[in-house]
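The values are calculated or read from the model by the stated rules, or taken from the named source; none is laboratory data. What you see is a predicted model, and the numbers here were worked out from it, not measured in a lab. FYI the Cβ positions are ideal-geometry reconstructions off the backbone, even for glycines, and counts take in every protein chain you see.
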Amino acid sequence: MRAVVSIAVSMITLISAASAQSSNPLAHLTLEQLGNVEVTTATKEPAEMRNTPSAIYVLTAEDIRRSGARTLPDALRLVPGVEVAQIDSSKWSVGIRGFGTRLSKSVLVLIDGRSVYTPLFAGVYWEMQDVLLEDIDRIEVIRGPGGTVWGSNAVNGVINIITKSAKDTRGTLISAGGGNVEQGFAGIRYGGANGRFAYRLYGKGFTRGPEYHPNGDNFDDWRRGQFGFRTDSNITDRDDLTIQGDIYRSVVGQELGVSYYSPPSLVTIQKNIDLSGGNLLGRWRHRFQGGSDLQLQAYFDRTDRGDINFREIRNTYDIDFIHHFQLRRQDIIWGAGMRLSPSQFFQVVPTVDFEPHHETYKLFTGFVQDEFAIVPGRLSLTVGTKLEHNSYSGFDAQPSTRILWTPSEHQSVWASFTHAVRTPSRIEEGFQFTALAVKSIPLYLRLIGDGNFSPEKMNGYEIGYRASLGPKLFLDIASFYNHYNDLLSVENLPPVPESSPLPTHYILPIYLRNGIEGNTKGFEIAPAWQPMQRWRLKATYSYLHLDVRRKPGSDDASTVQQTEGASPHNSATFQSLLDLSTNLQLDLTIRYVGNLQFPKIPAYTTADARFAYRLNKSIELSVTGRNLLQPHHFEFSGDPNGPVGIKRSLYGQILYTR
Amino acid sequence: MKGERQPGETLSDHGSFRLLVLLGAMCFLLLPLVGRAQTRKPTEFDVKAAYLFNFGKFVKWPSSVGSDSDTFSICVLGANPFGPVLESTVSGEKIDGRSVTVRRITLASQAAGCRILFVSSSEKDRLGSIMPAVSRLPVLTVSDISGFVDRRGMIEFVMDHDRVRFEVNLTAAEQAGLTLSSELLKVATSVKREGQAGD
């Protein structure tokens, strides 16, 4: 009996010891030993997502690496609310909450604070913008109007691509690989640091083959090379300075229908077009004694686009500052900026023209935003506005108000109202595009931007909820109702004869006006679940209802159908990121995109998979398959011969880091 | 780990034999409790929590601090990135005879009773108002916010490939009246004295 009691006592001691002592086996290591423990990458939702009263989604460097994406638009497919449709090998349509087009006119895209939105067409040429993917620290996507801080044309959202500080990219990195579509790619980067100063240099290049053309006309191969640098330094204890720059050149296969005033009146031209450019950016941040800080940024960006039917060289000079300070319960940011963008247009064909050929776009901006802690740590109200003056449409204001309620550390609710504006581009200001309509007459359609276009306006109402349901499950829900007014419409007048240039022909003038209004509503859900340390699951579901109509007095016959038909109602993604062992990773993504009415594209489901093997501390080998479920599938239309199929693709990669 | 046996007992004693079998079975139940933490690779926060606990042994606070209090508080300001790990790291442990507890705080002004303050990365944009409030207090400030030691933070966690290391701002600690042991300074990747570049 005594034996039983002693054993029982020892058992109880053992059990209580197991729970009373630290259950972190690392707790009793020495400091030196702790410094040698190898850790797995922890999952934490980036802090930005927790405390921001907007629908923000962050793609981390690891998310991008394990998605198998080789281009920025492909990486964006994983973000809820973002619609990405690939047009051909080098062109994508990207939109946020609707209005996806080749040029993404209502989405502001920034790389390290530099706007890559062109005032020529009001949009982003995705094939002109690139970064070394391994240098990306994160991509922050804000669905919904960018609010006061971000700037003009952030009407439907902001995509902010942020690269790593040079302090975080020390050593050598070499990445190389190839496959059937991404036929060859290589990137090399070297970074070093010396006390307060860190730098990196990189170069990258790739060649991509054509996608699937039903008529066998494989014109859309392209290749690109880019190199650049970045330096980050703490020049004093209170000052940080970043300087970075890139130069690139790209040769892209394109096909376009071009009209002429005399026979042959319509020709399909295939050409390898030349795109090149570069940029230089400096950013200085100073922290004052009292805790406030000031940031001054200046950049120069040059683009030279020699397209089939026009050529444009544009130099952009931008300078802006932001001052951030705190009062007792208020967090205030304000700033101002100026951008000058002189451009030169070269007429290549008689039917495409911008007037004047030499023109400078001027933009002056100011903003202020005050975050007021009504109940510190629990309830805050943010009020602000952006004020802008641009050389096309003059002055506009974009006010916004947001509220954030954090009832507990695990949940937050936010709501916002924003008024946003999409200012005119050169197309609406001084542009003529003439296309053959009926050869026998001959009759041409002429799209005319004559400066009688007002900015498009939007009022956005949003509400969202974020919760950590336990340590392993995170949920993010956002919903919105956006009302649009003065959207672009095309209004035509009866045909008139024209005899310059000869031969005499008829022109149907189509003017760009603001004859469309409408609304969008929808929601996005994005849960993230980590059932085990080594296994992460993420999903997104996006629903969009887009309803536009003609305003009284408008004769537009096509925009309503085109706008409503170009965005899917539903889309969803599902991702599984699994560490099979410390050396093996298996990543799987399944993507569904609903059908489009105009262009007529059926719904599709496809999958990407990546298998990576870490050979040793320096080398990782991986194989990635994309668009695996069909030999090819259609996503969008944009080339003269109808939709181009996006092929099933496979590529292998070696990644060396030291 | 296995159940203890009283000296003199033999397996031939049927009652004890059954008990031993029962003990063996129960140990299998206990194994997961004790062994679980070791079957997965530690996260950066497992290591940071262990560091925070360990720093307490290598720092001397001025005698004015909490001579009458019998707890050693580690405080976390802002969103909690540790989950339950920090609490479970310190539970049952003592530093200098004081039992170690973890407190969550939302405002810098609540840091007065803390020995160690971990500033979460969620507070990154509020350092301008946090640091002046805590820099003069006898509190060891630790964070993983990039550039923390340049803003009068005392210890900043940095990642070196897959390892967690830390940098020290010695001047900031001295100005708050704290003495950092040479053993701590030896292991730091860099020790910054204000007015000089760190090595």
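Things to note:
- Residue check for A:ASP587: within 24 Å of the chain's Cα centre (by Cα) and within 18 Å of A:ARG65 (Cα to Cα): yes
- When segment B:120-139 is filtered for residues that are more than 8 Å from chain A (Cβ to nearest Cβ) and part of a loop (DSSP other than H, G, I, E, B), the ones remaining, listed by number, are B:SER135, B:ARG136, B:LEU137, B:PRO138, B:VAL139.
- Residue match in segment B:82-92 (condition: of a type in the set (Phe, Trp, Tyr), part of a strand (DSSP E or B) and in contact with a strand residue (DSSP E or B) (Cβ under 8 Å, 6 or more places away or on another chain)): no
- Residue count for segment A:47-101 satisfying the condition of being outside any helix (DSSP H, G or I), closer than 18 Å to A:LEU132 by Cβ and not hydrophobic (A, V, I, L, M, F, W, C): 4.
- Residue check, B:ILE155 within 23 Å of A:PHE288 (Cα to Cα), at pLDDT 90 or above and more than 8 Å from every other protein chain (Cβ to nearest Cβ): yes
- Counted residues, segment B:140-151 - those being without any contact (Cβ under 8 Å) to a residue 60 or more places away in the chain and under 21 Å from the mean Cα position of the chain (by Cα): 7
- Residue list for segment A:457-475, restricted to those being surrounded by fewer than 21 Cβ atoms within 10 Å (Cβ to Cβ) and not basic (Lys, Arg): A:ASN459, A:TYR461, A:ILE463, A:TYR465, A:ALA467, A:SER468, A:LEU469, A:GLY470, A:PRO471, A:LEU473, A:LEU475
Rundown of residues vs (1) surrounded by 16 or more Cβ atoms within 10 Å (Cβ to Cβ); (2) under 17 Å from A:VAL352 (Cα atoms), yes/no style:
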position: A:THR242; (1), (2): yes, no
position: A:TYR261; (1), (2): yes, yes
position: A:VAL267; (1), (2): no, yes
position: A:LEU280; (1), (2): yes, no
position: A:GLY291; (1), (2): yes, no
position: A:ARG314; (1), (2): yes, no
position: A:TYR317; (1), (2): no, no
position: A:HIS324; (1), (2): yes, no
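- Of A:SER19, A:SER89, all but one fail to be surrounded by 19 or more Cβ atoms within 10 Å (Cβ to Cβ) and either within 14 Å of chain B (Cβ to nearest Cβ) or at pLDDT 85 or above (or both); the exception is A:SER89.
- Note on segment B:170-184: residues that are crowded, with 19+ Cβ neighbours inside 10 Å and at the interface with chain A (Cβ under 10 Å from one of its Cβ atoms) amount to 1.
- Sole exception among (1) closer than 20 Å to A:SER292 by Cβ; (2) touching a Gly at 6+ places or on another chain (Cβ under 7 Å); (3) not acidic (Asp, Glu) for B:SER135, by number: (2)
- Residue in segment A:581-594 that is within 24 Å of A:THR520 (Cβ to Cβ) and in contact (Cβ under 8 Å) with a residue 60 or more places away in the chain present: yes
- Taking the listed residues B:VAL164, B:VAL142, the one that is surrounded by 18 or more Cβ atoms within 10 Å (Cβ to Cβ), of a type in the set (Val, Ile, Thr), more than 10 Å from every other protein chain (Cβ to nearest Cβ) and outside any helix (DSSP H, G or I) is B:VAL142, with no other qualifying.
- Segment A:508-556 - residue that is touching a residue at least 12 places away in the same chain (Cβ under 8 Å) and assigned to a loop (DSSP other than H, G, I, E, B) and, of those, surrounded by the fewest Cβ atoms within 10 Å (Cβ to Cβ): A:GLY553
- In segment A:168-182, the residues that are in contact with a Lys or Arg (Cβ under 6 Å, 6 or more places away or on another chain) and either surrounded by 17 or more Cβ atoms within 10 Å (Cβ to Cβ) or over 25 Å from A:THR624 (Cα atoms) (or both): A:THR169, A:GLY171, A:LEU173, A:VAL181, A:GLU182
- Looking across segment B:53-81, the residues that are within 11 Å of another protein chain (Cβ to nearest Cβ), farther than 30 Å from A:ARG328 by Cβ and not in a loop (DSSP other than H, G, I, E, B) come down to B:PHE53, B:ASN54, B:PHE55.
- Among residues of segment A:278-294, those that are away from chain B (no Cβ under 14 Å) and among the basic types (Lys, Arg), counted: 1
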